[in-house]
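Inspection log for the structure reproduced underneath, given as structure tokens.
Each reported figure results from applying straightforward, stated rules to the coordinates on display, with no laboratory input. If you're wondering where the values come from, they're calculated on a predicted model, not measured in any experiment. Cβ atoms come from the backbone with ideal geometry, glycine included; neighbour counts cover every protein chain shown.
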Amino acid sequence: MHYLLIGLAGALGASLRYAIGILFTEYFNSSLLSATLYINLIGSLLLGWLTSYLPRFPNVSTNVSTAITTGFLGAFTTFSAFSVDNITLLMDGQVWVAFSYIILSLVGGFICALIGLRLGAKEGGL
């Protein structure tokens, strides 16, 4: 049952990531690069928040908690796309864009995770 929940949540997370990528590229005339950045930042914020907020609910099973964090958010965020994006930028000679993307992703991800952890630790949870 544990693996089934993680798989189902992962399918939802990956599908949502794909849909957001389509929205960014087709409807906002943006790049997949920016979609990946926003998705990873949002995922960092949510994982930080859930990590400190979910333990307040003893009725939420470990299976459900793992399905949400590892399954859904693990599939929603994407380190592999981040890596390929940066390699492609470097191969295209866009060193400063790649460097900026790396810094924004890493520093932004840490900041979003920290904000999420602090929000989840607050009395009301947000």
Hey, rough spin-label estimate for residue 118 and residue 60, points 7 angstrom out along Cα→Cβ, what's it come to in nanometres?
2.1
Say R0 is 30 Å: what FRET efficiency, to the nearest 0.05, do residue 70 and residue 19 get from their beta-carbon distance?
0.90
Restrict the search to the stretch 22-126; then list the trypsin sites (Lys or Arg not before Pro) that DSSP places in a loop and that have at most 16 other Cβ atoms within 10 Å of their Cβ.
122
At what distance in nm do the modelled label points of residue 84 and residue 52 sit from each other, each positioned 7 Å from its Cα along Cα→Cβ?
3.4
Per-residue HN-Hα couplings for the stretch 59-64 [Karplus 6.51, -1.76, 1.60; θ = phi - 60°; Hz; x = Gly/Pro]:
6, 7, 5, 4, 4, 5
Mean residue ellipticity at 222 nm from the helices of the chain, using -39,500 (n - 2.57) per DSSP H segment of n ≥ 4 over the full residue count, to the nearest 500 deg cm²/dmol?
-23500 deg cm²/dmol
Can you match Rg and Dmax of the Cα atoms in Å to one of these, (i) 16.0, 52; (ii) 14.3, 47; (iii) 15.0, 45, based on a calculation from the structure here?
(i)
Kyte-Doolittle mean at least 1.0 and Cα extent at least 24 Å along the axis: which DSSP H helices of the chain qualify?
2-22, 32-53, 95-121
Note, residue 50: beta-carbon cut-off 14 Å, +1 each Lys/Arg, -1 each Asp/Glu, net +3
In nanometres, the difference between 0.36 nm per residue of separation and the alpha-carbon distance of residue 104 and residue 29 is 24.9 nm
